[in-house]
Amino acid sequence: MAAAKGTGRKGSAGRRAGTRAIPPSRRVVIAGGGLAGLALALSLARGGAGGLDITVCDPALARPAPGGDASRASAIAAGARRMLETLGVWSVVAERAEPILDMVITDSRLADPVRPSILSFAGEVAPGEPFAHMVENDDLVNALAAACREAGVTLAAEGIARFVAGPERVLVTTASGAVIEAGLLVAADGARSRLRDMADIGWVGRSYDQVGIVATIGHERPHEGRAIEHFLPSGPFAILPLATRDDRHRSSIVWTERADAADYLLQLPDEDLREEVERRFGLELGEIALLSPARAFPLSIGIARRFVAGRFALVGDAAHVVHPIAGQGLNIGLRDVAVLAETIIDACRLGRDVADEEALLAYERARRFDTVTMGLATDGLNRLFSNDLLPVRLMRDLGLGLVERMPAAKRFFIREAAGLTGAVPRLMRGEAL
């Protein structure tokens, strides 16, 4: 269906596309220059089908390359790391990435003097291969953008104003009025996707009465690659290891807090906020310091009613959002990218259109079950652990204690967290498209 009315004038983008004499059936426009959008562009550009023209549109591409703000970092699971390695990006960020060598889970109240470990995981899915690495988002975005330019992807520093999808092409009008005739438009423009709304694709979800607070913490002693998740009544408090920088031992925190309490906490003077972090962080790593501003974002769960429409597809947060309790938001978005790129490249090799209907529906079928399952799992975990009811506490601690005594179950959960279970797409197996 048409997503918007009007096509505007043909500007520089339209003339550029015409001079390259590439048919719309071989052209893909991606809205969103974040991790998912850039990863998709690079996957398609290096996919081996040949002759694809890829454009990424995002006003943020006009800004100077970010740097120095380590408040946002992500856990890159082993499957996603294999994908980035296959795309030639991992080597650029590997030196600044920190492997997660083991993970410890506690369940306690904030005032408890001792937080005993009730479950721990070894951190390798194979000898010498950690199940995840921590990578600062700025580093990964910059590496992907540079690789896209090298691969011939056009990075346009403007948004998309509207588009009209027809049976043979989609006409994409940029904010400057330029028109690009493409075969496929992909929305990777985040949870509040404008393009998803333009395509009249519904959204099912709800907001949690919780806020995620992220920051980078300095501490006296090395973390030795250990991740810790403290389950507290207000929500999980995760401590995730970061690479040492400027001789500072560092960790990233992802702190889930009730919305009303978060408003109060974020208005505290720096030293008072540091003390609140220390109460949750603990003293195991010595004295701590806030190395970045604490940033907050509302938490929610949601999924698009459809992942595809006529010559249109959703990836990443534009298709789904989950609670960060399992650290899987970015990884399931990159799995979207791997599956969509694989279906598009395979269709092109058979001489089909980049928006081949059968291929897009196959992408949707492949991803909906996985994302619904992950959404329900993280929602259930959040409900289970974000409360202080004694019967629930006893039940969950008993369950975690049983898992601690079952090595086979622990290996399964590690492989699941690493993104190496189920129908793993080729890129996440470390295979080129």
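Values quoted throughout were computed directly from the atomic coordinates according to the rules given, and no laboratory measurement underlies them. Note that the coordinates shown come from a computational prediction; the quantities given were computed from them, not determined experimentally. Glycine also receives a Cβ, built like all others from the backbone with ideal geometry; neighbour counts cover every protein chain displayed.
Under a 5 Å amide H cut-off, with hydrogens placed 1.01 Å from N, residue 190 pairs with 317, 318 among residues at least 5 apart or on other chains. Using equal-weight Cα scatterers in the Debye expression, the normalised intensity of segment 275-323 in log10 at q = 0.14, 0.19, 0.20, 0.33 Å⁻¹ is -0.61, -0.75, -0.78, -1.21.
Sequence-distant contacts, meaning Cα pairs under 8 Å at least 6 residues apart, place the relative contact order of segment 281-365 at 24 percent. Seen from every direction in turn and averaged, the convex hull around the alpha carbons of segment 121-274 projects onto 15.2 nm². Using the average count of surrounding beta-carbon atoms within 10 Å as a protection proxy, the listed peptides 259-266, 375-382, 402-409 rank, highest first, as 375-382, 259-266, 402-409. Restricting the calculation to Cα atoms, the chain yields a radius of gyration followed by a Dmax of 22.2, 69 Å.
Based on C-alpha pairs under 8 angstrom that are at least 6 apart in sequence, segment 83-205 has a relative contact order of 15 percent. Couplings 3J(HN,Hα) for segment 242-257, derived from phi with the Karplus relation 6.51 cos²θ - 1.76 cosθ + 1.60 (θ = phi - 60°), are 10, 5, 5, 9, 6, 6, 10, 6, 9, 9, 9, 10, 10, 10, 8, 9 Hz, where x marks Gly and Pro.
Taking every DSSP helix (H) stretch of at least 4 residues in the chain, weighting each as -39,500 (n - 2.57) and dividing the sum by the residue count yields a mean residue ellipticity at 222 nm of -10500 deg cm²/dmol.
When the charge dipole of segment 268-324 is built from unit charges on Cβ atoms (+1 for Lys and Arg, -1 for Asp and Glu) and taken about the Cα centre, the candidate among 309, 297, 283 whose Cα reaches farthest toward its positive end is 309.
Counting only Cα atoms, segment 305-410 measures 59, 29, 18 Å along its principal axes, largest extent leading.
Considered as an equivalent ellipsoid built on the Cα gyration tensor, segment 209-353 has semi-axes of 37, 19, 12 Å, the largest given first. The relative contact order of the chain comes to 23 percent, based on Cα pairs under 8 Å that sit 6 or more residues apart.
In this structure the amide hydrogen of residue 424, modeled in the peptide plane, comes within under 5 Å of no amide hydrogen from residues 5 or more places off or on another chain. 3J(HN,Hα) along segment 35-41: 4, 5, x, 5, 5, 5, 4 Hz, from the Karplus curve 6.51 cos²θ - 1.76 cosθ + 1.60 with θ = phi - 60°, whole Hz, x for Gly and Pro.
Qualifying trypsin sites (Lys or Arg not before Pro) in segment 267-335, where qualification requires a DSSP coil assignment and no more than 13 other C-beta atoms within 10 Å, comprise 305. Overall, the chain carries a charge dipole of about 1720 debye about its Cα centre when +1 sits on the Cβ of Lys and Arg and -1 on the Cβ of Asp and Glu, all other atoms neutral. Sorting the segments 74-81, 45-52 by their residues' average number of neighbouring beta-carbon atoms within 10 angstrom, most packed first, yields 74-81, 45-52. Positive-end ranking of 362, 334, 378 along the dipole of segment 331-414, with charges on Cβ about the Cα centre, is headed by 378.
Here, segment 66-150 has an Rg and a Dmax of 16.1, 54 Å when only alpha carbons are counted.
Rounded if a/c is under 1.5, else prolate if a/b is larger than b/c, else oblate: which is segment 152-198, with a ≥ b ≥ c the root eigenvalues of its Cα gyration tensor? Rounded shape, in that the Cα axes give a/c under 1.5. Ellipsoid semi-axes for segment 373-433, based on the Cα gyration tensor and the rule √(5λ), read 31, 15, 6 Å when sorted largest first.
Using the Karplus relation 6.51 cos²θ - 1.76 cosθ + 1.60 with θ = phi - 60°, the per-residue 3J(HN,Hα) values for segment 185-200 come to 10, 10, 8, 10, 9, x, 4, 9, 4, 5, 5, 4, 5, 4, 7, 6 Hz, with x marking Gly and Pro.
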